[in-house]
Amino acid sequence: MNRLSLLLPTILCACTASLHDGTFPTGSQTLVANADHDALYSVDTDGGKVVRFEPSTGVVTAIEVGLEPTRLARIGDRVFATLRGSRSVAVLEDKGGTLSRVSTFEVGAEPVGIVAREDGKKLYVAASAQNAIVEIDAETLTVGRTWTVMGSPAWLALHPSGNTLYVGSSMGGGLHSIDLAEGGAVTELDLPAIYGAGEDGSQRFTRRITGDLYVSPDGQSVAAPAMFIDNNNPVSEPGEVETVSEGYGSSGLGVSRFNPAVVIIPTGDNGNPVPGDAATVLVAGFAQLGDEEQGSTAVRSYLSSVAYSPDGALIYATMEASQSVVVLSATPIYAGGTDSGFSMRDTGGGSSSISVDAAGFATSPMVLVGTDAGPRGVAFLDDDEVYVDSFLDHSIGSLKGAKARSFVADQLTIGFVSAQTFHGADASEVSDNVLAPDIEAGRRLFFSATSSQMAADGAGISCSTCHYQGSNDGLTWALGDGVRQTPSLRGAVSVTAPFTWTDQVSSVSDEAQITSSGRMGGNGLSYAEAAQVSAYIESNRAVDLPEKGSTSESALRGKVVFEREDVACATCHSGERLTDNLHYPMFGLEAVNTPTLVGVAASAPYLHDGSASSLEAVLQMSRSGEMGDTSMLSDAEMADLEAYLHTL
């Protein structure tokens, strides 16, 4: 695999292929406009439906499509929805304002992102659990080329030329480009280096992609929502936190432990990224408009999607866990760029130990628009008719695009970047809540960075920050008792007690209390609220592994090896969830809880400290005899044992 480094910015101007219709989505989204620019399609993931909404009339219609519709793409009057729960894509047709289901075709395990060429020739789908990107002939619906991209690829963006596909992964935060025109080479892209972690600010932040990507309508840049995280400096243990800065969060809104940003990467004539010219725009430092009863709330959390306006002048970034959409100028102001006549934005409290520009962030004129809960996708009927899909409130609302544009223009005129906020228009509920009340309430808490029970004001963290859709982020975290990796929350978690790697926490509810108040700085969940968070976590289905349940000869041989007494895997990993729910001394620790092996193939890295990057590495470490004993196994037996683990 090639590797390309993207460093700090300079401005490029390139003549590249452009969209014919600037409203056509170049990135995977939960909300897309129809061909006539008078209706919107959105996914109702809970209800298994695709919704059609006409803003001018308020008319809502819906059609059942299958398990967990997740992202949408459109070609003419056809709408394509990834069905994450059934390894497939549903094909719909819109005739006279009525959606009908045409067909369904399989693409691989847990498809998420989908994007179409504007000319309607090709579709691209991210089969996240398969670690695969699939090319589809849009006319015949047959599979063409496939590419392997590791880290659960979830988010896609396609250059208007059709030459380059961009891929964001949810585990480990990788960003890749695929050269579709020249042999299909896959290149891993390094996000820009930002420094500010540690007491002296000299350590580099860990970089993650956090949501749906987008290519500008003129094809001159790709935007990626990102988070720059300090996960390497220790967090105090629960009960020892005196200020939120000792936990996961921060007491300020400048450079902090969690830094949401939009990375803007220029592209060349062929759509490929230009090395050495990426800008990283810090998106933080707002006080959302409130009311007299609730007051204002500091807004800082990960970005779940980005989208360029049709004229390419603005970028809309959804802040899923903070009920907000940030609208920013697509032309950033670079660090130290005082020649432009701009001064840097107020970071909201001045408590950060390092300034925005010193860390390497750029900034941009931007405004904050308050929305319903869970904003996840943006779509355009024209430059200023902009709508947002808010999945927690099951609604679609206007973002008052003309007002947002005016506010950004005002900042450009006065040459000062300051935090401005307003609320979007009243949203329309477009689907019903089908979840049980406790699960629904728990999900709202899980996806909230603004709830005072869950996190401190301005901390910028929610449960969903590290557990995308209930999975793990592929990162390790420095805690008071050592480095620990983020565990997956997929499947029946409650039956695998005790919880955490080395502490014997008896229930998911207790763990939710400990993490939210002890590390995230929240005021503390009530018993009922903690039970609601637990109910939501318990509702997450197990990951759909590509080889789950396979009875291949290699896997069957591996099962025999797994159950051998001398190898001793089954001694601890037993029962329905493949754990004995006990803890053992190993790798220098007094007591490590036995994790479940159900879905283990999708939860890298492994071991308590994330020191094993793959299942093969885990089995090699087991040759020491500290965790089972694979020392007597041949290479062939090791391969069979690994094959069996992929089926669990």
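The numbers here are math on the coordinates, done by the rules we state, and not lab data. Fair warning: this is a prediction, and the values are worked out from it, not measured in the lab. Quick reminder, even Gly has a Cβ in these numbers, built from the backbone with ideal geometry, and neighbours come from all protein chains shown.
Here region 460-502 has an Rg and Dmax of 11.1, 30 Å, counting Cα atoms alone.
Using θ = phi - 60° in the Karplus curve 6.51 cos²θ - 1.76 cosθ + 1.60, the 3J(HN,Hα) couplings for region 23-37 round to 7, 5, x, 8, x, 5, 8, 8, 9, 9, 8, 7, 5, 8, 6 Hz; x is entered for Gly and Pro. Treating each Cα of region 17-74 as one equal point scatterer and applying the Debye formula with no solvent, the log10 of I(q)/I(0) at q = 0.25 Å⁻¹ comes out as -1.02.
Bridging of Lys121 to aspartates and glutamates at a Cα separation below 13 Å is possible for Glu135, Asp137, Glu139, once same-chain residues fewer than 8 apart are set aside. In percent, what relative contact order does the chain have, based on Cα pairs under 8 Å that are 6 or more apart in sequence? Once divided by the residue count of the chain, the mean separation gives 11 percent. Relative contact order of region 553-645: 35 percent, from C-alpha pairs under 8 Å at least 6 residues apart in sequence. A value for mean projected area of the Cα convex hull in nm² was derived from the coordinates, and within the list (1) 36.2; (2) 27.1; (3) 33.9 it appears as (2). For region 565-633, GluC sites (Glu not before Pro) meeting the loop criterion (DSSP other than H, G, I, E, B) and having at most 14 other Cβ atoms within 10 Å: Glu565, Glu576, Glu626. Cβ-to-Cβ counts within 10 Å put Asp212, Asp383, Asp36, Asp481 in ascending order as Asp36, Asp481, Asp383, Asp212, the fewest first. Considering every alpha-carbon pair of region 553-645, the percent of pairs per 10 Å bin, from zero through the bin containing the longest distance, is 17, 55, 27, 1. For region 79-120, the residues whose backbone nitrogen is under 13 Å from a point 7 Å from the Cα of Val59, taken along Cα to Cβ, are 95-99. Once backbone amide H atoms are built at 1.01 Å from N, Asn472 has Leu489 as its partners under 5 Å, excluding neighbours fewer than 5 places away on the same chain. Can you give me the distance in nm between label points at Lys121 and Ala639, each placed 7 Å from the Cα along the Cα-to-Cβ direction? Placing both labels 7 Å beyond Cα along the Cβ direction yields 4.0 nm. The alpha carbons of region 483-584 give a radius of gyration and a Dmax of 16.9, 54 Å, in that order.
Scaling the Cα radius of gyration of region 440-539 by the globular reference 2.2 N^0.38 Å produces a ratio of 0.98. Based on C-alpha pairs under 8 angstrom that are at least 6 apart in sequence, region 440-539 has a relative contact order of 35 percent. Along region 186-194 the Karplus relation, 6.51 cos²θ - 1.76 cosθ + 1.60 evaluated at θ = phi - 60°, assigns HN-Hα couplings of 9, 10, 7, 9, 7, 5, x, 7, 10 Hz to successive residues, with x for each Gly and Pro. Could you tell me how far the Cα centroid of region 97-111 sits from the Cα centroid of region 58-91, in Å? When both Cα centres are located, 6 Å separates them.
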